[in-house]
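All remarks here apply to the structure that follows.
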Amino acid sequence: MKILLYNPDNGVTRNFMPHLWMFLLQALTPPGHEVTLIDGNAQPMDEACIARYVREHKIDLVGIGAMTRMIAKAYRMADAVRAVGVKVVMGGPHVTELADEALGRDGGPRHADAVALGEADETWPRIVEDAARGALKDVYKPEDDFGQERKPSLQAYPEIPWDKMKLDQFNLLPGMLQPLLKRVGGGWGTFRIVPVESGRGCPYGCEFCTVTGFFGDSIRFRTNESVVNELLLLKARARAEGGQIAVFFIDDNFAINVKRTKSLLRDIIAANAQVHWVAQISANLLRDEELVDLIAAAGGKWIFIGMESIDPANLKDVNKGFNKPGEYAAVLDRLAQRNVYAITSFIFGMDNDTVGVAERTLKEIRTWPPGLPIFGLLTPLPATPLYKRLEAAGRLTRPKHWQEFIPFAMAHTPLRMSIVEAHNEVRIGWANSYSPEAIEKAVDSIKPLGYRINIFIARLCFRGIYFPQMGRFAWFKTIVENRRTILKLIRQGFGAGLHDSAPSIVTEPATDQ
Ligand code: B12
Ligand code: SF4
């Protein structure tokens, strides 16, 4: 069979990173089938386009995966594929929670021929074989022989053939500059951010989060050896093509078992498998100095921290009382001392938030080392405890908000301010953190040129999460607005020599330490 795995675009940002599920399912496809991957964020497609693609390439089966926010687009694309007579299987967190919606059993139209519930590592080969025999079932569940839910062990993790895969659609650098960039520093002809997982599951059960329900509260890990080998493969590919690769460890809490994380980091260092990487780690686990030393030595550059709020009452409300706002500054300082910076994520519209929450949060942020603050709104995702609580209290204003996705819009009424006020707080957060003045201040607070460039580029990219930056004109305008900072960097670059200004992502440590 010819199989197409398709991930719809999120309609807001061009994703900076492809989705792991596609690569994983491709690697788990039984032999004898041809699998093509299309990420709508890198290759935008509409309904007519996917229908044409499927016809022209004689595709026999289409697999679509989507988060809640892209599900409306996913359904439209699935409808277009089914209209040309090709079967569609859907998977991922949204259809796992609302399988009846995808299968048209809730009174709405049917969008998928089959739905894969939960983790599909073990069910995917069965789905492919059933589809090849023309015997696709409606629902595939990860179960053992006794009908008990079964979470795949990650001990025998498939080898994703990163060295052979076509990754052209995921190069983040503009095509016309590639020949020139190939010769800069350690080679910048390509730059890709690749998702790698080292484990799954999180026991913390925060009220708004899908993860504990979906992946379970027991944590499973890959072997250190399999993770290290994957990093070595990625590193070798980047070198071979005169480019750079950075890794996003997509584990929900990369240091959930500190002992195991330390052992993985030690193995990465011992194998010289360092690439620059980002990982998500909760603040409470970053108290450990030795862990932070190892993170820095193993290539960690950015840590995503779900801070959510600086108000302990809010954190308690959403079952995230293990976050202690009083220690945020110390945690960020500990990282910054090792040139590791943080992506700090905040949620506004929580039950104890009042007007002014953005300014109160920004006041704290200004006292911290520079990072990448991001601001969102409390969102009731289907099947989360938050959804159930708000539904029971009659507070959902758009109970099926995913059917008409609106970025940065609430779907319920906060308790101590209005929806419009909550939206305004988010706008204040973004506008203040990503103004040309704020970006200049963040860059100026760091000395080494490589890190200054790093934070500047990262800030420009993150700005686009809230302020649409699609298209050349939007980028041109952003660059003109930030010309003062750009000129400062250029001046420092010429002072330091061109090679010092191009830190290599593949080799460690960065050139300008
Ligand atoms: C990495 C990640 C991101 C990345 C982007 C995604 C990317 N390019 O990889 C970043 C950091 C940008 C991100 C952002 C956001 N994310 Co996110 N993210 C994740 C994370 C941590 C890992 C995803 C992953 O690769 N998992 C590992 C793979 C193997 O699992 P999987 O994708 O679920 O796939 C398995 C199954 O679902 C199934 N499957 C999936 N698709 C398909 C398709 C078919 C055909 C089949 C058969 C099976 C199948 O098989 C796979 C193997 O078992 C997950 C949490 C998690 N642990 O999954 C959250 C998660 C997906 N994100 C979530 C959310 C809410 C967001 C944001 C909306 C947060 C925000 N408020 O801004 C944004 C929006 C992103 C956007 N731009 O649209 C939610 C989604 C919940 C939901 N119901 O939709 C999750 C589950 C976390 C949570 N807190 O609940 N995210
Ligand atoms: S710590 Fe993160 S992944 Fe774990 S339940 Fe809370 S929000 Fe979800």
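One line per residue, one yes/no per condition, for (1) more than 10 Å from ligand 1 (Cβ to nearest atom); (2) not acidic (Asp, Glu):
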| position | (1), (2) |
| --- | --- |
| Gly85 | yes, yes |
| Val89 | no, yes |
| Glu97 | no, no |
| Asp106 | yes, no |
| Ala114 | no, yes |
Inset, instruction - Would you mention how many residues in segment 325-344 are within 15 Å of ligand 2 (Cβ to nearest atom) and either modelled with pLDDT under 95 or within 22 Å of Leu415 (Cα to Cα) (or both)? - result: 0
Inset, instruction - Return yes or no: is Val278 within 16 Å of ligand 1 (Cβ to nearest atom) and over 30 Å from Ala238 (Cα atoms)? - result: no
Legend entry - Among the candidates Thr223, Thr210, residue that is among the polar types (S, T, N, Q) and either at pLDDT below 90 or within 13 Å of ligand 2 (Cβ to nearest atom) (or both): Thr210
Legend entry - Search result, residues across segment 62-79 that are closer than 12 Å to Asp113 by Cα, near ligand 1 (Cβ under 9 Å from one of its atoms) and hydrophobic (A, V, I, L, M, F, W, C): Val62, Ile64
Inset, instruction - Please state which one of Ile455, Ile446 is open to solvent by less than 10 Å² (accessible area, probe 1.4 Å), more than 16 Å from Glu359 (Cβ to Cβ) and either outside any helix (DSSP H, G or I) or not hydrophobic (A, V, I, L, M, F, W, C) (or both). - result: Ile446
Legend entry - One residue from Ala342, Ala313, Ala358, Ala336 being open to solvent by less than 40 Å² (accessible area, probe 1.4 Å), at negative phi, out of contact with any helix residue (DSSP H, G or I) (no Cβ under 8 Å at 6 or more places or on another chain) and among the aliphatic types (A, V, I, L, M): Ala336
Inset, instruction - Determine which member of the set Lys301, Lys320, Lys262 is under 24 Å from the mean Cα position of the chain (by Cα), within 13 Å of ligand 2 (Cβ to nearest atom) and among the charged types (D, E, K, R). - result: Lys320
Inset, instruction - Inspect segment 206-221 for any residue being open to solvent by 40 Å² or more (accessible area, probe 1.4 Å), within 16 Å of ligand 1 (Cβ to nearest atom), among the hydroxyl-bearing types (Ser, Thr, Tyr) and in contact (Cβ under 8 Å) with a residue 60 or more places away in the chain and give the result as yes or no. - result: yes
Legend entry - Selected residue [touching a strand residue (DSSP E or B) at 6+ places or on another chain (Cβ under 8 Å), assigned to a strand (DSSP E or B) and at pLDDT 95 or above] from Phe254, Phe304: Phe304
Legend entry - Candidates Arg192, Arg260, Arg237, Arg266, filtered to the one that is touching an Asp or Glu at 6+ places or on another chain (Cβ under 6 Å), of a type in the set (D, E, K, R) and either surrounded by 18 or more Cβ atoms within 10 Å (Cβ to Cβ) or not in a strand (DSSP E or B) (or both): Arg237
Inset, instruction - Would you check if there is a residue in segment 399-413 being among the charged types (D, E, K, R), at pLDDT 95 or above and under 25 Å from the mean Cα position of the chain (by Cα)? - result: yes
Inset, instruction - Filter segment 380-431 down to residues that are open to solvent by less than 40 Å² (accessible area, probe 1.4 Å), touching a Gly at 6+ places or on another chain (Cβ under 8 Å) and within 16 Å of ligand 2 (Cβ to nearest atom), then give me how many there are. - result: 1
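The values are calculated or read from the model by the stated rules, or taken from the named source; none is laboratory data. Everything quoted here is computed from the prediction, not taken from an experiment. FYI the Cβ positions are ideal-geometry reconstructions off the backbone, even for glycines, and counts take in every protein chain you see. Calculation scope for accessible area: heavy atoms of the full protein, side chains included, ligands and nucleic acids excluded. Shrake-Rupley method; radii C 1.70, N 1.55, O 1.52, S 1.80 Å.
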